[in-house]
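Some notes on the structure that comes next.
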Amino acid sequence: MTEVPPAAPEPTTREAATTRRGLLSWFLGTSVGALVASIVYPVVRFLSPPEIAEAPTHQVDGGPVNDPELLDEGFKILRFGQEPVILIRVDEGDFRAFSATCTHLDCIVAYRPEKRLIWCYCHNGIYDLAGRNIGGPPPRPLTPYEVHTVPGSGGGPDELVVVET
Ligand code: FES
């Protein structure tokens, strides 16, 4: 006659409740942890972004000479590496470029074609078309850039290239 091993004892109601409670606690704990991590991680990444080395820029594409923004507004702002640059269309074939950062308190300047002046709206700073500070609080002239016109590709309009001086 073979002996049957004793069956595992049935968990008591209290043990079963403990197991369910433990599982529920574990589940809630990991959910809360995941929620906190999903909130904290983006904030930390925003506050300390990775260092991205930017390639040095010596020239940027200024677009076609008949760019509607240049024709309508008389100017446009380009990104020259980290620097904003203002590209101005003074007359047909006469383009100029300067640092767009006001030398007073770093506002971005604009061109006023009706007055043929570069203007800083922050404190009414005024520069002439050579970039010289001629009115208001700016203490120094704007840094000039060269503007070259190159033939457009495929028979298109000529293109502007802004070059560091
Ligand atoms: S920031 Fe341009 S005039 Fe003050």
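Coordinate-derived values only; no laboratory data. None of these values were measured; they are calculated from a predicted model. Cβ sites come from the backbone with ideal geometry, for glycine too, and all protein chains shown count toward neighbours.
Is the shape of the stretch 49-118 best called rounded, prolate or oblate, per the rule: a/c under 1.5 gives rounded, else a/b larger than b/c gives prolate, else oblate, with a ≥ b ≥ c the square roots of the Cα gyration tensor eigenvalues? Present the calculation step by step, with values, prior to reporting the outcome.
Numbers: a/c = 2.69, a/b = 1.55, b/c = 1.73.
Taking the square roots of the gyration eigenvalues as a ≥ b ≥ c, the stretch 49-118 is oblate.
How far apart, in nanometres, would the label points at Val90 and Arg140 be if each is projected 7 angstrom from Cα along the Cα-to-Cβ direction?
Those two pseudo-labels are separated by 2.3 nm.
If I model a spin label at Ser25 and Cys122 as a point 7 Å from the Cα along the Cα→Cβ vector, what separation in nanometres do I get?
5.8
Rounded to the nearest 500 deg cm²/dmol, what is the calculated helix-only ellipticity per residue at 222 nm for the chain, with -39500 (n - 2.57) per DSSP H run of length n ≥ 4?
Values: 2 runs with 41 residues, N = 165.
So the calculated ellipticity at 222 nm is -8500 deg cm²/dmol.
List the relative contact order of the chain as a percent without decimals, with contacts defined as Cα pairs under 8 Å and 6+ residues apart. Write down the numbers at each step before the final one.
Working: 243 pairs, mean separation 27.9, N = 165.
It rounds to 17 percent for the chain.
Loop only by DSSP, 13 or fewer other Cβ within 10 Å of the Cβ. Give me the chymotrypsin sites (Phe, Trp or Tyr not before Pro) in the stretch 87-165 that pass, ordered by residue number.
On the way: sites: Phe95, Phe98, Tyr111, Trp119, Tyr121, Tyr127, Tyr145; in loops: Tyr121.
In loop regions of the stretch 87-165 (DSSP not H, G, I, E or B), the sparsely surrounded chymotrypsin sites (Phe, Trp or Tyr not before Pro) are Tyr121.
Based on the alpha-carbon set only, what is the convex hull volume of the stretch 43-164 divided per residue, in Å³?
146
What stretch of the chain, leaving out the sites themselves, is the longest with no GluC sites (Glu not before Pro) in a DSSP loop having at most 12 other Cβ atoms within 10 Å? Before the final figure, lay out the partial values.
Details: sites that count: Glu3, Glu51, Glu54, Glu92, Glu114.
Longest gap between qualifying sites, sites excluded: 115-165.
If you stretched the chain out fully between Arg45 and Cys107, how much longer would it get, using 0.36 nm times the residue separation minus the C-alpha to C-alpha distance?
Details: separation 62, 0.36 × 62 = 22.32 nm, distance 2.81 nm.
19.5 nm is the gain from fully extending Arg45 to Cys107.
Under a Cβ-only charge scheme (Lys and Arg +1, Asp and Glu -1), can you give me the dipole magnitude of the chain about the Cα centre, in debye to the nearest 20? Numbers along the way, then the final one.
Numbers: 13 positive and 21 negative charges, 169 e Å.
The dipole magnitude comes to about 800 debye.
Students often get this wrong: which residues of the stretch 93-116 have the backbone nitrogen under 15 Å from the point 7 angstrom along Cα-to-C-beta of Leu129?
93-98, 111-116, by backbone N distance to the label point.
Cα axis of helix 13-47 to longest principal axis of the chain: angle in degrees, 0 to 90, nearest 10?
10
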